[in-house]
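To keep things clear, I will list the structure first and then write my remarks on it.
The values are calculated or read from the model by the stated rules, or taken from the named source; none is laboratory data. Since this is a predicted model, take the numbers as computed values, not measurements. Every residue, glycine as well, gets a Cβ built from its backbone with ideal geometry; the counts of neighbours run over all protein chains shown.
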Amino acid sequence: MIQRLLTLERNLTTNMRINLQHLNIRSRDGLDRWVEEQILALGEARWIDEANVRLEGRSVSRPPFAVHIRLITPGPDLFAESSDYTLRAAFTKALTQLREAITNRAAKQLRRLKSNSSAPAAKTRAARSALNLQDH
């Protein structure tokens, strides 16, 4: 089996680096542009330093297309992979996984901020209550 590997690297004005690999499939400008646009849209929701995307054609297994995405971000990296009968469908599934991960991480950070900001206030109220009790 002959494997063809092409790498497309683009340094963008957003300081995001996108590495797009094609394994056993041909690179097509329209698909590559669409993938780039989708990754850039994710960058609006979360800072992404680098995106590694592998589009894979699998001749012996079904479904015949697989997509692997790794986003290098501040904090833990994000990963997604999926397979389907078209590249766009497989990519869309992986993108949905990443959007859910970004949303969940943002919600978790918000919960953590809320709990951290309310904890000192509760301690302050308890300390004031204790002081008021001592004054009486």
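Consider segment 65-77. How many of its residues are under 11 Å from the mean Cα position of the chain (by Cα), surrounded by fewer than 20 Cβ atoms within 10 Å (Cβ to Cβ) and closer than 18 Å to His22 by Cβ?
1
Looking at segment 78-99, which of its residues are of a type in the set (S, T, N, Q) and either in contact (Cβ under 8 Å) with a residue 60 or more places away in the chain or within 18 Å of Gln21 (Cα to Cα) (or both)?
The answer is Ser82, Ser83, Thr86, Thr92.
From the list Ala90, Ala80, exactly one residue is at pLDDT 80 or above, crowded, with 16+ Cβ neighbours inside 10 Å and in a helix (DSSP H, G or I). Which is it?
Just a single option satisfies the conditions, and that option is Ala90.
Restricting segment 40-64 to residues that are within 15 Å of Ala89 (Cα to Cα) and either surrounded by 17 or more Cβ atoms within 10 Å (Cβ to Cβ) or without any contact (Cβ under 8 Å) to a residue 24 or more places away in the chain (or both), which is nearest to the chain's Cα centre (by Cα)?
This residue is Val53.
List the strands (runs of 3 or more DSSP E) inside segment 1-72, counting only whole elements, that have at least 1 residues being modelled with pLDDT under 90.
5-11
Would you check if there is a residue in segment 96-105 being modelled with pLDDT of 95 or more, in contact with a Ser or Thr (Cβ under 9 Å, 6 or more places away or on another chain) and in a helix (DSSP H, G or I)?
Checked against the condition, which is being modelled with pLDDT of 95 or more, in contact with a Ser or Thr (Cβ under 9 Å, 6 or more places away or on another chain) and in a helix (DSSP H, G or I), segment 96-105 yields at least one hit.
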